[in-house]
Amino acid sequence: MRCIVVVPIPAERRGAPARLRSPEDRKAEAIGLAQAIELEIAQSVSPPLNTIRPATLLGKGKVEEIKGLVEEHGAGLVVVDHTLSPVQQRNLEKAFGAKVIDRTGLILEIFGRRAQTREGRLQVELAHLNYQKSRLVRSWTHLERQRGGAGFLGGPGESQLELDRRMIEEKIERLEKDLEDVVRTRDLHRKGRARMPYPVVAIVGYTNAGKSTLFNRVTGAGVLVKDQVFATLDPTMREVKLPTGRRVILSDTVGFISDLPTTLVAAFRATLEEVITADLVLHVRDIASPESAAQRADVDQVLADLGVDEKEAARRVQEVWNKIDALPELERDEVENQARRMDPPPVLVSAVTGEGVPLLLAEIERRISGHDEIIDVMLPPSAGKLAHWLHENAEVVSREVDEAGQTHYRVRVDAIRKARLEARMRDA
């Protein structure tokens with residue numbers, strides 16, 4: 001479908017904080033979002049937004065200008081990279097003679113196409129219905145195509161359901177009950193991991209920062225990697241053995257984005273619980289992007305919305321500056337100098353080449369071993385199984401064999417494995 005992308009640029013106000021994100025980056029991101037659902041971009045415009053018009057968001061002259069572009073290019077859709085009220089959306093559709101979706105609607109459409117698991121589809125559908133519930137204005141109640149997911153761009157020939165507010169609320173109630181079952185299952189899995197217990201390391205970051213590429217590099221998994229927004233939607237977990245022998249669970253999560261719809265944050269809270277409860281959070285940044293600082297602010301805001309405040313972040317969040325291979329030499333020197341001045345310092349990596357990944361694994365080990373103990377263990381020659389368990393579940397600091405054939409181990413373990421070791425030695 002051909003579309004016009006409209007990116008309104010709010011006027012900078014005197015005394016207001018400076019915008020972190022440039023108009024050029026905002027336009028590029030909006031185009032990327034539209035292309036993520038295979039829309040053909042006929043033209044993009046960035047009209048100044050000095051005053052928000054309650055009826056149409058934009059002024060009359062800009063509305064007429066965009067209408068002309070719609071007619072000139074035969075576009076059937078206008079994407080407005082801004083939040084639109086139901087009235088504004090309806091009025092713009094009448095003015096343009098084309099379908100109109102705002103930023104929230106576009107992101108929901110992308111999520112609807114990306115979700116693969118039952119949980120992901122339920123979350124997207126719930127977010128979609130909550131979004132649409134507020135848009136039941138007069139006779140406009142066409143909400144969903146019967147294709148198993150949420151969508152906005154359906155045309156003639158696709159079956160649609162006429163839903164009134166009562167029916168929507170009933171369906172939302174059913175979805176919430178289904179999601180409760182999923183949440184209970186996920187909670188059982190989480191409790192199961194706690195009994196193992198392996199620390200959980202969650203990867204977060206702005207969409208397209210290279211999280212899944214890094215996840216694949218560390219775990220050897222075959223997670224989908226594409227140069228597009230929200231390529232990863234459903235969370236993926238893998239067990240990873242660190243160089244010392246310690247095991248952790250690495251979790252790849254959905255990418256964050258500026259102005260992430262609150263309906264999606266709420267719907268995906270079950271998935272994002274992995275971030276909230278993780279022992280360590282790796283915040284992967286595309287350090288080669290000119291908008292890296294703005295993207296960091298957006299991710300920090302979502303983390304704060306999830307309850308990871310600044311104090312908590314200092315304790316549990318480790319920044320990972322990815323894509324250092326894409327930096328010119330002089331710029332890379334500047335980035336490395338900046339990293340050395342930070343406390344705690346970020347880890348610089350290239351998920352593509354593998355550069356810096358061993359340092360990252362060592363930093364993960366250091367951050368999660370803060371409460372470990374170093375203990376001495378003496379095993380007789382017959383305790384082969386227990387010796388094997390030690391090597392698999394603890395970091396062996398030193399090992400010496402005495403004249404009697406007994407092996408003296410000095411090992412680093414966490415509190416729970418220490419208790420397990422003591423129980424095994426009593427049973428031996």
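The values are calculated or read from the model by the stated rules, or taken from the named source; none is laboratory data. All figures in this text were calculated on a predicted structure; none of them were measured in a lab. Glycine also receives a Cβ, built like all others from the backbone with ideal geometry; neighbour counts cover every protein chain displayed.
Name the one entry in Glu125, Glu93, Glu119 that is farther than 25 Å from Asp25 by Cβ and crowded, with 22+ Cβ neighbours inside 10 Å. Answer to the check: Glu125. Taking the listed residues Arg332, Arg315, the one that is among the basic types (Lys, Arg), at pLDDT below 90 and outside any strand (DSSP E or B) is Arg315, with no other qualifying. Evaluation of Tyr409 against the conditions (1) assigned to a loop (DSSP other than H, G, I, E, B); (2) over 23 Å from Val201 (Cβ atoms); (3) of a type in the set (Ser, Thr, Tyr) shows that the sole unmet condition is (1). What about Arg21, is it of a type outside the set (A, V, I, L, M), out of contact with any Leu (no Cβ under 8 Å at 6 or more places or on another chain), under 25 Å from Tyr131 (Cβ atoms) and not in a helix (DSSP H, G or I)? Judged against the criteria, Arg21 is a match.
For beta carbons closer than 6 Å, sequence separation of 6+ or different chains, a first residue in the range 108-119 that is free of Cβ contacts under 8 Å to residues at least 60 places away in the same chain and a second that is assigned to a helix (DSSP H, G or I) and of a type outside the set (D, E, K, R), the qualifying pairs are Gly112/Val124. A count restricted to the range 42-58 and to residues that are in contact with a strand residue (DSSP E or B) (Cβ under 9 Å, 6 or more places away or on another chain), in contact (Cβ under 8 Å) with a residue 12 or more places away in the chain and part of a loop (DSSP other than H, G, I, E, B) stands at 4. Within the option set Ile276, Ile287, being at pLDDT below 95 and of a type in the set (Val, Ile, Thr) holds for one residue only, Ile276. Just a yes or no: is a residue in the range 321-328 surrounded by fewer than 11 Cβ atoms within 10 Å (Cβ to Cβ) and either out of contact with any strand residue (DSSP E or B) (no Cβ under 9 Å at 6 or more places or on another chain) or in a strand (DSSP E or B) (or both)? Yes, there is a match, as at least one residue in the range 321-328 is surrounded by fewer than 11 Cβ atoms within 10 Å (Cβ to Cβ) and either out of contact with any strand residue (DSSP E or B) (no Cβ under 9 Å at 6 or more places or on another chain) or in a strand (DSSP E or B) (or both). Here Gly356 qualifies as crowded, with 16+ Cβ neighbours inside 10 Å and not assigned by TED's automatic domain parsing to the domain that holds Glu24. Counting the residues of the range 397-406 that are in a strand (DSSP E or B) and either of a type outside the set (Ser, Thr, Tyr) or under 16 Å from Gly384 (Cβ atoms) (or both) gives 4. Restricting Asp25, Asp102 to those that are acidic (Asp, Glu), touching a strand residue (DSSP E or B) at 6+ places or on another chain (Cβ under 8 Å) and either free of Cβ contacts under 8 Å to residues at least 12 places away in the same chain or surrounded by 14 or more Cβ atoms within 10 Å (Cβ to Cβ) (or both) reduces the list to Asp102.
Taking the range 303-320 as the range and being of a type in the set (Asp, Glu) and surrounded by fewer than 18 Cβ atoms within 10 Å (Cβ to Cβ) as the test, the residues that pass are Asp305, Asp309, Glu310, Glu312. Taking the range 89-119 as the range and being over 27 Å from Phe256 (Cβ atoms) and part of a loop (DSSP other than H, G, I, E, B) as the test, the residues that pass are Gly97, Ala98.
When you check Asp300 against the structure, is it at pLDDT 95 or above, charged (D, E, K, R) and surrounded by fewer than 21 Cβ atoms within 10 Å (Cβ to Cβ), yes or no? So Asp300 does not fit the description; no. Among residues of the range 387-415 being touching a helix residue (DSSP H, G or I) at 6+ places or on another chain (Cβ under 7 Å) and modelled with pLDDT of 90 or more, the one that is surrounded by the fewest Cβ atoms within 10 Å (Cβ to Cβ) is Thr407.
Okay, residues lined up against (1) exposed (fewer than 15 other Cβ atoms within 10 Å of the Cβ); (2) at pLDDT below 90; (3) among the charged types (D, E, K, R); (4) assigned by TED's automatic domain parsing to the domain that holds Thr207:
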{"position": "Val6", "(1), (2), (3), (4)": "no, no, no, no"}
{"position": "Ile9", "(1), (2), (3), (4)": "no, no, no, no"}
{"position": "Pro17", "(1), (2), (3), (4)": "yes, yes, no, no"}
{"position": "Ala34", "(1), (2), (3), (4)": "no, no, no, no"}
{"position": "Gln43", "(1), (2), (3), (4)": "no, no, no, no"}
{"position": "Gly59", "(1), (2), (3), (4)": "no, no, no, no"}
{"position": "His73", "(1), (2), (3), (4)": "no, no, no, no"}
{"position": "Val87", "(1), (2), (3), (4)": "yes, no, no, no"}
